[in-house]
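Heads up: the structure comes next, in structure tokens.
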Amino acid sequence: MKDINTTVAVILYKSKLLSNGEHPLMLRVTKNRKVSYKSLGISCSAKYWNFEKNEPKKNHPKRALLESIINKKLSEYNDKALELKSVEREFTPASLIEGIERRVRKVTVFSFYQETIDRLFTSKQIGNANTYKDSYRSIRAFTKNQDLTFFELDYSFLIKYETYLRGNNLTDTSLSVYFRTLRAIYNRAIKENAARLQDYPFKVFQISKFDTSTRKRAISKEEIKNIEALHLPEKSLSFTARQYFLFSYYGSGINFIDIANLKWKDIVAGRLIYNRSKTGKELNFKLLEPAQRIIEHWQPITGATPENYIFPILDKTRHITPTQIDNRITKVIGQVNRELKNIGDLAGISTPLTTYVARHTFATVLKKSGVGTAIISESLGHASEAITQVYLKSFENSILDTAAENLL
């Protein structure tokens with residue numbers, strides 16, 4: 001449907017001859033006998049242009065590409081003109097062009113990625129910065145380091161990118177992460193006027209199609225006991241990995257980043273009081289006896305001063321900047337998860353053990369023990385965690401302490 005009072009066409013502007021011997025293609029907007037022009041940034045030889053129909057001739061070597069660019073631009077302008085008319089908003093050919101073109105700054109996908117990553121690192125949002133870095137590396141690998149505009153990042157591009165990722169044997173869960181990150185970068189680009197909403201490909205490309213259901217990520221209390229019963233050499237990596245795993249389970253599902261950042265000063269009268277790295281919220285829980293024993297193991301090794309880290313993951317003399325801390329924690333998590341896999345095999349547990357399994361098991365065991373979801377949810381660490389934390393905050397510590405006894 002078109003605004004009959006406004007005509008939009010693409011013409012070959014013969015009044016100007018470019019150095020390549022071709023003429024520029026111009027968008028011509030006409031309304032109430034007023035005319036304005038806007039260059040499309042592409043050109044065509046007169047011999048390949050149909051002046052009657054204002055379109056490339058059939059024998060043009062790149063006819064399909066030109067037609068795609070022209071049709072997209074015509075559709076964009078006709079839609080905008082109709083939108084303005086529907087809300088009875090007056091416009092001229094010049095204001096229509098300005099309204100569509102002025103807001104988008106010229107920036108490529110690669111440069112916008114780098115701008116975003118640099119900003120996140122500067123603001124010490126290391127986790128987010130690394131997520132964008134992973135996405136950036138994947139896009140560069142797919143395009144073989146060929147940069148592109150957000151206009152080119154269309155539905156067709158996304159389909160090809162999906163095929164590429166599947167060809168690398170990525171699961172739907174991994175695909176969902178990559179595409180959600182790419183969608184986030186596009187959303188940021190729109191907000192910062194580096195991309196246009198009318199070009200947005202995620203209206204059609206649905207990320208929800210990916211199956212993100214995951215295999216079992218929790219184990220039973222009996223399997224926890226099997227892990228505890230294993231004989232592991234005290235100075236081995238497996239022994240230390242088991243300690244981190246069990247401390248997470250008995251420590252109210254504390255995640256690995258927070259375990260790494262715990263200091264001796266965070267223990268007050270048999271309780272652990274700390275601020276979550278992810279949310280900044282203060283958490284306060286009683287140290288159950290198994291967690292207390294783990295703490296006591298490290299006391300003579302790391303407990304010289306209240307400012308020392310409890311666990312030997314971070315070194316306050318070496319891991320100082322947010323990037324250094326994040327890199328170190330990421331490295332240790334990888335090492336720990338490899339050891340946990342071996343521990344699971346030794347304990348005869350079919351579920352692959354990771355640091356996250358301890359956290360998930362904490363929530364699942366409580367739920368199976370009859371503890372209400374208003375106190376703890378089995379989706380700790382995911383999108384609904386904020387809601388869970390709101391509920392947790394409203395309960396007295398004594399209620400949470402009683403609930404935690406179900407872990408033993």
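Here, each number is a calculation from the coordinates, and none is a lab measurement. Remember, it's a predicted structure, so these values are computed and weren't measured experimentally. Positions of Cβ are backbone-derived with ideal geometry, glycine not excepted, and every protein chain shown enters the neighbour counts.
So here's what we get for this one:
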read-out	value
Calculated FRET efficiency for the pair residue 92/residue 115, C-beta based, R₀ 41 Å, to 0.05	0.75
Cα-projected label distance for residue 368 with residue 268, points at 7 Å along beta-carbon direction, nm	3.5 nm
Sorted by Cβ density within 10 Å, fewest first, the residues 365, 336, 107	107, 365, 336
Counting all C-alpha pairs of the stretch 43-158, share separated by more than 17 Å (%)	71 percent
Given 263/331; 16/73; 144/278; 124/221; 14/62, the pairs whose alpha carbons are separated by over 29 Å	144/278; 124/221
Length added when fully stretched, residue 140-residue 37, from 0.36 nm per residue minus Cα-Cα	33.5 nm
Estimated translational D of the stretch 32-89 in µm²/s (Stokes, Kirkwood radius over Cα pairs; 37 °C; 0.692 mPa s)	246 µm²/s
Within the chain, helix-based [θ] at 222 nm, where runs of 4 or more DSSP H residues each add -39,500 (n - 2.57), nearest 500	-15500 deg cm²/dmol
